[in-house]
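Everything below concerns the one structure shown next.
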Amino acid sequence: MRNAFLALGAVVALSLVAGPAAAAVTEADLLVAARAVDFINSVPHGDVRVGIVYDPNAAPSSQQAGEINALMAGGLRIGNLTLQPVMVPVGQLGADRSGIIFLAAGVGADGGKVGHAIRQRKIPCVTFDLGQVRNGNCVIGVRTQPKIQVFVNHAAADASGTVLEAVFRIMITEI
C-alpha cells in the first residue's frame, strides 16, 4: 500500500512538471489512470485484458484509442497487475471479454452501450472523457492538466460492481 502511494506521488510530481495539456494521451495520463485501476479491489491480480473501446468512425476517438494502445503495448505493469490492451470498436463491445474497459473520448451517445456493458458484466471503466463519467457510462475519469484529478461516479461504481479501496476515496472527487 505504501508503495502505491509513493508511485502515485511520483506520477503526480512528474505530471505537474510536464507543462500545458495536449490533446494527446500522455504517458503521465495513462500512469495516473492505471494507478487508479490498482485501487480497485474487484480487479483480479495478474494479467488483465483491457478493452480499449473507441468509435472507428470518429477520428479523435480512433486516435486516442491508438495512443492508449501504444502506451500499453506489451503490457503495462502497475502494482500486482499487468494491463494487456486490445482495441475494441464500440460496435463489437458485446463480443469482447475484457476485465476492464478504457473508454476513448469521442464515442458520444455510444457511451450508453459502454455503460450498459459495465453494469451487465460487472467490470470497471476508466476514461479521460469526463462527460462519460458524469453521464454514468464510465466509473473513473482522469484529468492530469492543469492538475491531477480523479473523478468517480459513485452510482456507476455501484452498478458495475466496482469496489474501490477505502484509502483511495480520500484522493478522488465523487460525482
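Inverting the mean 1/r over all pairs of different Cα atoms, compute the Kirkwood radius of the chain and quote it in Å.
15.7
Which net charge results for the neighbourhood of GLY115, defined as the other residues with beta-carbon distances under 14 angstrom from its beta-carbon, given Lys and Arg at +1 and Asp and Glu at -1?
Summing Lys and Arg as +1 and Asp and Glu as -1 gives +2.
I want the local charge near VAL142. Using Cβ-Cβ distances under 11 Å, sum +1 for each Lys or Arg and -1 for each Asp or Glu among the other residues.
Here the count lands on 0.
Given a 1.4 angstrom probe, what's the average accessible area per residue across the range 41-175, in square angstrom?
So the range 41-175 comes to 43 Å² accessible per residue, rounded to a whole number.
Please express the Cα-Cα pair-distance distribution P(r) of the range 59-163 as a list of whole percents, one per 5 Å bin, running from 0 to the bin with the greatest distance.
2, 13, 23, 25, 23, 11, 2, 0
Express in Å², to the nearest 10, the accessible area of SER42 obtained by rolling a 1.4 Å probe over the protein heavy atoms while all chains stay in place.
60
Could you pull the Cα extents of the range 45-98 along its three principal axes, largest to smallest, in whole Å?
Its Cα atoms span 35, 23, 13 Å along the three principal axes.
The values are calculated or read from the model by the stated rules, or taken from the named source; none is laboratory data. What you are looking at is a predicted structure, and each value in this text was computed from that prediction instead of being measured. In this analysis, Cβ positions are derived from the backbone assuming ideal geometry, glycine residues included, and neighbour counts consider all displayed protein chains. The accessibility values were calculated without ligands, DNA or RNA, using every heavy atom of the protein model including side chains. Shrake-Rupley method; radii C 1.70, N 1.55, O 1.52, S 1.80 Å.
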